[in-house]
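One structure is given below, encoded as structure tokens.
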Amino acid sequence: MKTVTITKKEINYILALAKKRHDAKSDNIKNTGILMDRDLNNPVENYLPHFIGIVGEYAWAKHTNRSVDENIYEVRDSEDFDGEEIKTITYYGHGEPELKIKVTEFNSKKPKKYILARTNKEKILKALTVNAENAIDIELLGVISRNDFDTNKTIKRYGAKNPLNYIVGLSKMNEV
């Protein structure tokens, strides 16, 4: 596992990019899933899903000496980086971390490898709402090829109304 620290200046950059990405989406996309029950007047809740995703991308970019894609798309089906897809989780609970890919996404996107990142949602919320955090740590937990993911995946649904996902536990992944 590698840990990448994101500074306050970088947090502000990522938030600005998250806002642009979120606002570019049509209402039928940006008002679905975990955003259904949010407070529409709370920018943290509006932009948090994109922020968390970009934090993982940014940490991987920083680790590999690259830049995140700053282009804004209404709909995007390409990988985060050429052949690489970064998935960021905020789960620190019981059991090993899991790389989760929606079944529909797995069937439509074909990256060569997946990278699993993790960050602390509470620290993000403190950084974005009360400026109590000057930095956020992102853990780059593991990497797995698409072929190895396909070989090791199981199917799981994280709630009755949630989509089907393929998952692979961190123990089946390689260290970053």
Only helices at least 15 Å long along their axis, Cα-based, and averaging -1.0 or more on Kyte-Doolittle count here, so list those DSSP H runs from the chain. 8-24, 43-63
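Please report the antiparallel percentage of the DSSP beta bridges confined to the chain, to the nearest 5.
Antiparallel bridges: around 80 percent, rounded to the nearest 5.
Which residues make up the longest stretch of the chain clear of GluC sites (Glu not before Pro) that lie in a DSSP loop with no more than 10 other Cβ atoms within 10 Å, not counting the sites? Show your work: numbers first, answer last.
On the way: sites that count: 70, 74, 175.
Free of exposed loop sites, the longest segment is 75-174.
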Note the listed values (i) 1.00; (ii) 1.13; (iii) 0.94, then indicate which one is Rg/Rh (Cα atoms, Kirkwood Rh) calculated from this particular structure. (iii)
With springs only between Cα atoms under 10 Å apart, run a GNM on the chain and tell me which of 127, 160, 24 wobbles the most. 160
Probe 1.4 Å, all chains present, heavy atoms only: residue 112 accessible area in Å², nearest 10, is 150 Å²
Lysines near residue 25 by alpha-carbon distance under 21 Å, same-chain residues fewer than 8 away left out - which ones? 87, 102, 109
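The values are calculated or read from the model by the stated rules, or taken from the named source; none is laboratory data. Everything numeric here is computed off the predicted structure, so don't read it as measured data. Methodologically, a virtual Cβ is constructed for each residue, glycine included, from the backbone with ideal geometry; neighbour enumeration extends over all protein chains shown. Quick note on the areas: whole protein, heavy atoms, side chains included, nothing else; ligands and nucleic acids left out. Shrake-Rupley method; radii C 1.70, N 1.55, O 1.52, S 1.80 Å.
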